[in-house]
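A short worksheet on the structure shown next.
Laboratory data are not the source of any read-out in this text; all were calculated from the coordinates shown. It should be emphasised that the depicted structure is a prediction, and the values quoted were computed from it without experimental measurement. Using ideal geometry, Cβ is built from the backbone for each residue, glycine included, and neighbour counts are taken over all protein chains shown.
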Amino acid sequence: MTLLKQLNKHFDVPSPRKPIPREVADQKILDEMADDANKFRGAATIARNLALSGFCIPRQIIRETMLLNDPDGVEARYPGYRKIKRTQLKAHGTWQEIHCDGHEKLGALALQMGGVGLPIYGMKDKWGGGILYLSVIPDDRHADAVGHLFLDFIEQYGAIPQQTTVDKGSETGHMYAIVTGLKSSYAPKIDLIRYPAFVAVRSVNNTPIEGLWRWFQEQVGKNLYIQVTKGRDEGIFNPNNPIHVLLFNWLWPPIVQGELDHFTERWNSHVIRRQKNKVMPSGVSPNELHAHPEHYCGRCFAIPVPKDAVDALRRNTIKTPRKDALAWVPDDFDIIAWQVYEMVGSPVCSAENAWDVFAEMASIMR
């Protein structure tokens, strides 16, 4: 054995032939992708960046992860692909256009914890830049779950936007029927051909909310990922134990939702930096723009919708009842979990102590 091989073996120097665990590799790749808002980095660039950071990951693994998580970005880098022409975003007021999208950096594929995941779905106003709705959801690719979540959003505000813009995908099927029907009923004078209620675009064109996910990752998402996967890395969570899976789904969604609520509050109160060439307002917070669009040469385009219309759509449009579509655990487990939670003293749960609470509750429930 050569001296170099001896040293590599002694110091456990990583190499593509001795890659790090797949779940760790996937997250390192996803972190690199999150830092590349323009999607310019290919597999070779990401492999080189990771190698400089001490993570030697085979390029084939990088390609597979990138293709699964960002197929549009892979397609856009293909030689001969026509580059997307970027233009200024334009709108004339709040609720003129709402952008919707799912975020899967805490989903099952990213966590690699035996199928459990904490995907997120959100709605963002184009003109004001404010987050209108951000929620953890059992399955952001299930049309019934996304449909009920969208109806929750409408019910909360009592209104729909002039246009709902989403990524192309089957999970938005109910959203199309919902906004088209409501706009026809409650704004019948608006021409749906000229001013459509629903528009599906490629993810690279859904930039107002796609850009939001990058900031979420930097401020909250990466830390949450570390906290959630701590249970896997330290052997606390066993995906083959049904009780562990149910307890994960009972304990973690409220914690993640709390983090989303805090992020939303911070985002909507921060002052957007002043940009003299920006068509839409800047130098003011999204909260201020949402509350007083008329002070900034805008107006509110919201179309009021009564609650009974939302209730009717839940009954007649979506096959799965809301309770089932958005449930994380069965009712009987929820009752037992609350009893055990009280037995351990009803501690205030956070991302920092969640696995301690999990371990204590799991030891009683086994």
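Taking Rh as the Kirkwood radius, which is the inverse of the mean 1/r over Cα pairs, what is the Rg/Rh value for segment 3-76? Don't skip to the answer; put the middle values down first.
Working: Rg = 13.4 Å, Rh = 12.9 Å.
So for segment 3-76, dividing Rg by the Kirkwood Rh gives 1.04.
Would you kindly state how much longer the chain becomes between Asp324 and Ile190 on full extension, computed as 0.36 nm times their sequence separation minus their alpha carbon distance, in nm to one decimal?
Working: separation 134, 0.36 × 134 = 48.24 nm, distance 3.53 nm.
Additional length available on full extension: 44.7 nm.
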If you bin every alpha carbon distance in segment 216-331 into 5 Å steps from zero, what whole percent lands in each bin?
2, 8, 11, 12, 12, 14, 13, 12, 9, 5, 2, 0
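Just to confirm the filter: which trypsin sites (Lys or Arg not before Pro) across segment 142-237 are DSSP coil and have at most 11 other Cβ within 10 angstrom of their Cβ? Kindly include the intermediate steps, with their values, before the conclusion.
Numbers: sites: Lys168, Lys183, Lys189, Arg194, Arg202, Arg214, Lys222, Lys230, Arg232; in loops: Lys168, Lys189, Arg194, Arg202.
Counting only loop positions with at most 11 other Cβ atoms within 10 Å, the trypsin sites (Lys or Arg not before Pro) in segment 142-237 are Lys189, Arg194.
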Taking a crude spin-label model, label points 7 Å out from Cα along the C-beta direction, the Asp356 to Asn205 distance in nm is 5.1
What number in nm² do you get for segment 24-166 if you take the convex hull of its Cα atoms and divide its surface by four?
10.4
Can you give me the Cα centroid spacing of segment 324-351 and segment 278-305 in angstrom?
40
Would you kindly derive the ³J(HN,Hα) couplings of segment 222-234 from the backbone phi angles with the Karplus curve 6.51 cos²θ - 1.76 cosθ + 1.60 (θ = phi - 60°), listing them in order in whole Hz, with x for Gly and Pro?
5, 5, 4, 4, 4, 5, 5, 6, 4, x, 6, 5, 9
Would you work out the relative contact order for the chain, in percent, from Cα pairs under 8 angstrom that are 6 or more residues apart?
19
Backbone N under 20 Å from the Cys297 label point (7 Å along Cα→Cβ), restricted to segment 252-273:
272-273
Helix-only mean residue ellipticity at 222 nm for the chain, each DSSP H run of n ≥ 4 adding -39500 (n - 2.57), per residue, nearest 500:
-14500 deg cm²/dmol
Under 13 Å from the 7 Å Cα→Cβ point of Val271, by amide nitrogen: which residues of segment 297-311?
none
How large is the translational diffusion coefficient of the chain in µm² per second when you combine the Kirkwood radius over alpha carbon pairs with Stokes-Einstein at 25 °C and 0.890 mPa s?
108
Students often forget the sequence filter, so: which lysines lie under 27 Å Cα-Cα from Lys307 once same-chain residues fewer than 8 apart are removed?
Lys124, Lys126, Lys183, Lys189, Lys319, Lys323
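Apply 1/(1 + (r/R0)^6) to the Cβ-Cβ distance of His92 and Lys307, taking R0 = 30 Å, and write down the FRET efficiency to the nearest 0.05.
Numbers: r = 28 Å, r/R0 = 0.93.
Computed FRET efficiency for His92 and Lys307 comes out at 0.60.
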Please list, in chain and number order, the residues 5+ apart from Phe237 or on another chain whose amide H is under 5 Å from its amide H, with Hs placed from the backbone.
Arg232
Looking at the chain only, what percent of DSSP beta bridges run antiparallel? Nearest 5 please.
60
Take a quick pass over segment 3-76 and tell me how many lysine pairs come in under 22 angstrom between Cα atoms, counting only ones 8 or more apart or on separate chains.
4
What range in the chain is the longest one free of GluC sites (Glu not before Pro) that are in a loop by DSSP and have at most 13 other Cβ atoms within 10 angstrom?
1-233
In nm, give the distance between the simple-model label positions of Val279 and Arg59, each being 7 Å from the Cα along the Cα-to-Cβ direction.
4.1
Potential lengthening between Thr317 and Ser363 on full extension [0.36 nm per residue; Cα-Cα distance subtracted]:
12.3 nm
Check: segment 3-76 dipole with +1 on Lys, Arg Cβ and -1 on Asp, Glu Cβ, in debye
600
